[in-house]
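First comes the structure, then the notes that go with it.
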Amino acid sequence: MSQPPILLYTFATPNGWPISIHLEELKAAYPTFGNYEAKSIPISKNVQKEDWFIELNPNGRIPTIVDRSRNNFSVFETSAILLYLSQHYDPDFKFWFDPVKDADNYSEMLQWIFFAHGGIGPMQGQAHHFVLFAPEDVPYAKNRYINETKRLYNVLEIRLKERDYLAGSGRGKYSLADLKTFPWVRIHAKAITPTLDEFPNVKAWVQRIEERSATVTGLKVG
């Protein structure tokens, strides 16, 4: 029996979940895609720092994929993997936009991907560190990162007014922008805010994505 084309090294974190959810979406959208193989990397044991992993990802982080169908080509960084999978396995642009024929929506999608990659992810990640893991209490740092993450949530709140998804015309289309952003906002209660009641548009958006079958399955990976 042949091996699945995509080998995913991941863990159950907001950085890993976008890829497993995306792969589940591709499985459902394209029967010819088949399956993928996921291997959990116990990051608390620093397996991702071992030499064999560094050869795949010099940054020593999850997620990382190996595309067996393309000469074992490896890709790291969540946003880069999302784009790679779309370029090679989503020819009908079900979860992204044609960069030539639909350039404006493609640009819009990239803007929101980068907003999450450079904003929500790092800020919320730092909030988690200082609230949950820091060896000493640093009130300034906790307040700084919690408040900045809430500010970014409010940016999403404004964007999602009368919209279902972050990118695309009209009410938007479920795309890589949502896949990248959703897993972080979903775990808001860990350190940012107990509920999303002050961000009703964001709350509805999270619930909308949580109801997708690929999301349910993808969140179990890692």
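Each reported figure results from applying straightforward, stated rules to the coordinates on display, with no laboratory input. Here the structure is a predicted model, which is why all the values come from computation and not from measurement. In this analysis, Cβ positions are derived from the backbone assuming ideal geometry, glycine residues included, and neighbour counts consider all displayed protein chains.
Please say if segment 103-213 is rounded, prolate or oblate, where rounded means a/c under 1.5 for a ≥ b ≥ c the square roots of the C-alpha gyration tensor eigenvalues, and otherwise the choice is prolate for a/b larger than b/c and oblate otherwise?
Prolate, since a/c reaches 1.5 and a/b exceeds b/c.
DSSP beta bridges confined to the chain are antiparallel in about 70 percent of cases. Restricting attention to segment 103-213, the count of lysine pairs at 8 or more positions apart or across chains with alpha carbons under 24 Å apart stands at 15.
Listed values (i) 47, 45, 37; (ii) 53, 45, 28; (iii) 63, 42, 31 include one computed from this model; for Cα extents along the principal axes in Å that value carries the label (ii). Charge dipole (Cα centre; +1 on Lys/Arg Cβ, -1 on Asp/Glu Cβ; no other charges) of the chain amounts to roughly 280 debye. Which of rounded, prolate or oblate describes segment 6-92 when judged by the alpha-carbon gyration tensor and an a/c cut-off of 1.5? Prolate, because a/c is 1.5 or more and a/b exceeds b/c. Partner aspartates and glutamates whose Cα lies under 19 Å from the Cα of LYS101, excluding those fewer than 8 positions away in the same chain, are identified as ASP90, ASP92. Tell me, how many Å apart are the Cα centres for segment 126-199 and for segment 77-112? Each part's Cα centre sits 22 Å from the other's.
Think of the chain as having a plus end and a minus end, set by charges on the Cβ of Lys, Arg, Asp and Glu; of HIS117, VAL202, LEU166, VAL202 sits farthest toward the positive end of this dipole.
This model, with +1 at the C-beta of Lys and Arg and -1 at the C-beta of Asp and Glu, gives segment 43-159 a dipole about its Cα centre of some 280 debye.
Helical content of the chain, expressed as a calculated mean residue ellipticity at 222 nm, amounts to -14000 deg cm²/dmol (DSSP H runs of 4 or more residues, -39,500 (n - 2.57) each, divided by residue number, nearest 500).
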